[in-house]
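The values are calculated or read from the model by the stated rules, or taken from the named source; none is laboratory data. Quick caveat: nothing in here was measured; it's all calculated off a predicted structure. Here Cβ is always computed from backbone atoms with ideal geometry, including for glycine, and neighbour counts include all displayed protein chains. Heads up: the accessible areas ignore ligands, DNA and RNA and are worked out on the full protein's heavy atoms, side chains in. Shrake-Rupley method; radii C 1.70, N 1.55, O 1.52, S 1.80 Å.
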Amino acid sequence: MNKLCAAIFYIFSSLVVQHQLYAQETTDENLDSLINSYLLDEVIITGKKDLVNKQSKVLSSIDDYLESNNAINMMKRGAYAAEPLLNGMASERSVITIDGMRIYGACTDKMDPITSYVEITNLSKANIQSGQSGSCHGGTIAGSIDLVRQHSTCDNSGFKGMLFSGLESNNFQKIVGTKLSYSGSKFFSDIDFTFRDANNYKAGGKEKIPYSQFTKYNLSTTQGWKINLRHSLTASVIYDRATDVGYPALPMDVSLAEAVISSLAYSFTNISPHIFNWDTKVYYNHVKHIMDDSKRPDVPIRMDMPGQTNTAGLYSMLQGSKDKHTWKANISGHFNKSFADMTMYPNNPGEKEMYMLTWPGVHTYYTGIFGEDKIRWNDNWNTVASIGTAMHYDAVKNDFGLNSLQIFYPELKQGKSRWLKNAGISSTYIKGILIQNFGLAYAERAPSVSEGYGFYLFNSFDRYDYVGNPFLKNEKSIELNLATTLVFSKFNIKGQINYFRIYDYIIGVPQKNLIPMTIGAEGVKTYQQFKNAHLFNAQLVMSYDLLDYLQLSGNVVYRLGKIEKQDLPQIQPLTYNAKLKFEKNDYLAEIQIEGAAKQSQYGQNFGESPAQKYTILNATLAKQFNISMQHQLIVKTGVENILDKNYSTFSDWNKIPRMGRNFFLNLIWRF
Ligand SMILES: [Cu+2]
């Protein structure tokens, strides 16, 4: 019992309290199973061991994995690269990193969120931190998502590998890939490759969704050297390339989305009895994005809209403990260049081409420090306190771009610096079956590149051209959260609410005196700030073990967003999900129902129409074949949207319907 209490204490202190799981090697596997059994969904695990039990569809997209977390919704503009919304907020309010690295998407229309540059097969977990607690690598209001990749260790386990393949009936998606690793006593090497290719998908009732195809290649490699017992080096490269990606909800597609993400990390462990880790990483990444409208038959004007970003950065983190305290301190910095332009080619060859800088060579410099202390007062109480501050400087480096923006803002200077601050405290009380957590936090963020300096970026949701506003103040938020968990032997229930009061909320406001550039646009919006906005998130999660091998679980999520008495757009209505899971020997079977109520509160004043209610059914069957000690075959098969329902959710851009009935087969051979 004491052990169990200690385990629960540990998990909750590291998870529920601040939604944090330190990425320490030692915590991984045991914790994974415990986390699963307590239904804590802040961290999604895709560990390589017993993968078969972890997820119903092993080779699903990262988007599907993230979406299974209650704090996240995926804004879909097609079948590929959905944008994660965290705590009901779009991606400019969160920080998304890969292994702690800052990466800037290169699309002015958010077609390439950071989550699109990794593959599920090389992911070990997603650390999702809610609100201010995600401020370690950047200023955030909604929180952070860190995609942590798998890598080997120098454990002398030799050569291991995996071959996988998948097929989906609806859009004829083919997935093939391999993963090879070698581990010696001084050296390890991992390489994995995944290829996906899909045709157009069909929504329920066989409705064809044109321009929803995609092709993606992902290559990822990590090499590690153990210099001696306490010092090690790790080098890593990801190359991701998507071609011919259709975005049915947008007026344009993508001919190329490419990222090269590289890093070198140095780790020093067991420095002193009170300092156990010092991790330092330098990184560089380049993202390239080319939009394409050549396959669309009737566009009023042909456009070229390429974009690219370059980011270089570093972080250095110390972790230690003394007596009641477990602490970490992080210093991080990055430099980013974002550049995008647009050339319009009039259909009449006599007319002149038009050229604009949509991201006018914006340079961003960020340096921040963040510290956190977890204090275990006694067996019942613990507190996590964190504080951080950062300097953020951005500048328009292109003179043509600067001159263009000065048309709207004559007093605009080239650069602007900001000072960002954050602090939070939360406490957990554990007694018997009860775990009670509450927290209070303050955070700030700087406007994004588009919000600050975007130039005539067309938004196909409200059909306005958007012009950035370099004079925006920092957006600020006060966050309150409360979670109650009851753990019985066969039954767990957790209720959680959080409330964000956001000051100087940034949103586009129509400017009647400005004329749009995009043909057919409603008008021009510039980013302005509202005194305050409110976001309320609530969720209820429960699970019940009917029998040793049969589990019933479910959850309900609801959000509410208001800005001065108006409803905010793209806020999740009441959504529910229930699952019956059978798990015995090497078999796993699942049947799941998910759905949403009609969206009664929606952003009417922001061009939004309400999402309709829906219910869909899914089923999965999986079996692991242990062929020999070294060889295993995992077979997963299932049907999604069994009833072939035609539906779209609140987070489907322009209400583009989601996929209809889909049969899938995943095969994994491990050796
Ligand atoms: Cu794009």
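Cross-link reach is defined here as a Cα-Cα straight distance under 20 Å, omitting same-chain residues fewer than 8 places apart; for Lys202 the aspartates and glutamates meeting it are Asp63, Asp64, Glu168, Asp244, Asp253, Glu594, Glu640, Asp644, Asp652.
Straight-distance candidates among the lysines for linking to Lys186, with alpha-carbon spacing under 25 Å and chain neighbours fewer than 8 residues away dropped: Lys48, Lys49, Lys160, Lys226, Lys281.
Extension gain, Asp155 to Phe400: 0.36 nm times the residue separation minus the Cα-Cα distance gives 82.7 nm.
Rolling a 1.4 Å probe over the protein heavy atoms gives the chain an accessible area of 41 Å² per residue.
Helix content alone sets the calculated 222 nm mean residue ellipticity of the chain: runs of n ≥ 4 DSSP H residues at -39500 (n - 2.57) each, divided across all residues, give -2000 deg cm²/dmol.
Mean separation of Cα pairs under 8 Å and 6 or more residues apart, divided by the residue count, gives the stretch 384-460 a relative contact order of 31 percent.
I want to make sure I understand the PRE zone here: with the label point 7 angstrom from the Cα of Arg302 toward its beta carbon, which residues in the stretch 345-362 have backbone N atoms less than 11 Å away? Within reach of a label on Arg302, which here means backbone N under 11 Å from a point 7 Å along Cα→Cβ, the stretch 345-362 contributes 345-349. In this structure, the pairs whose alpha-carbon distance is over 19 Å, taken from Lys288/Lys337; Lys324/Lys421; Lys598/Lys645, are Lys324/Lys421. Solvent-accessible area of Tyr602, all protein chains in place: 50 Å² (probe radius 1.4 Å, heavy atoms, ligands and nucleic acids excluded). The 3J(HN,Hα) values that the Karplus relation (6.51, -1.76, 1.60; θ = phi - 60°) gives for the stretch 343-358 are, in residue order, 10, 10, 10, x, 5, 7, x, x, 7, 7, 5, 10, 10, 9, 9, 7 Hz. Gly and Pro appear as x. Extension gain, Lys512 to Phe663: 0.36 nm times the residue separation minus the Cα-Cα distance gives 49.4 nm. Under the shape rule built on the C-alpha gyration tensor, where the axes satisfy a ≥ b ≥ c, the stretch 340-468 is prolate, since a/c reaches at least 1.5 and a/b is greater than b/c. Within the chain, the ratio Rg/Rh, alpha carbon atoms throughout and Rh by Kirkwood, equals 0.95.
Between the beta carbons of Lys531 and Ala385, assuming R0 = 30 Å, the FRET efficiency works out to 0.55 to the nearest 0.05. Annotation: peptides 220-232, 496-508, ranked by per-residue average of other Cβ atoms within 10 Å with the highest first, follow the order 496-508, 220-232. In this rough spin-label picture, where each label sits 7 Å from Cα along the Cβ direction, the Leu440-Leu180 distance is 5.8 nm.
Distance between the C-alpha centres of the stretch 145-205 and the stretch 95-125: 16 Å, rounded to the whole angstrom. The count of lysine pairs in the stretch 442-548 with alpha-carbon distances below 25 Å, taking only pairs 8 or more places apart or on different chains, stands at 7. Between Lys421 and Asn654, the modelled labels are 4.4 nm apart [label points 7 Å from Cα along Cα→Cβ]. Once R0 is set to 41 Å, what does the formula 1/(1 + (r/R0)^6) return for the Cβ-Cβ distance between Leu580 and Phe268, expressed as a FRET efficiency to the nearest 0.05? For Leu580 and Phe268, the calculated efficiency is 0.30. In the stretch 2-670, a dipole from Cβ-located charges (positive for Lys and Arg, negative for Asp and Glu) runs towards its positive end, and of Thr178, Tyr558, Ile261 it is Tyr558 whose Cα lies farthest in that direction.
What residues from the stretch 139-181 fall in the zone where the backbone N is under 11 Å from a label point 7 Å along the Cα-to-C-beta line of Val635? Correct set: none at all. If Lys and Arg each add +1 and Asp and Glu each add -1, what is the summed charge of the other residues whose beta carbon sits under 9 Å from the beta carbon of Thr115? So the surrounding residues net to -2.
If you plug the beta carbon distance of Val282 and Phe491 into 1/(1 + (r/R0)^6) with R0 = 41 Å, you get a FRET efficiency near 0.30.
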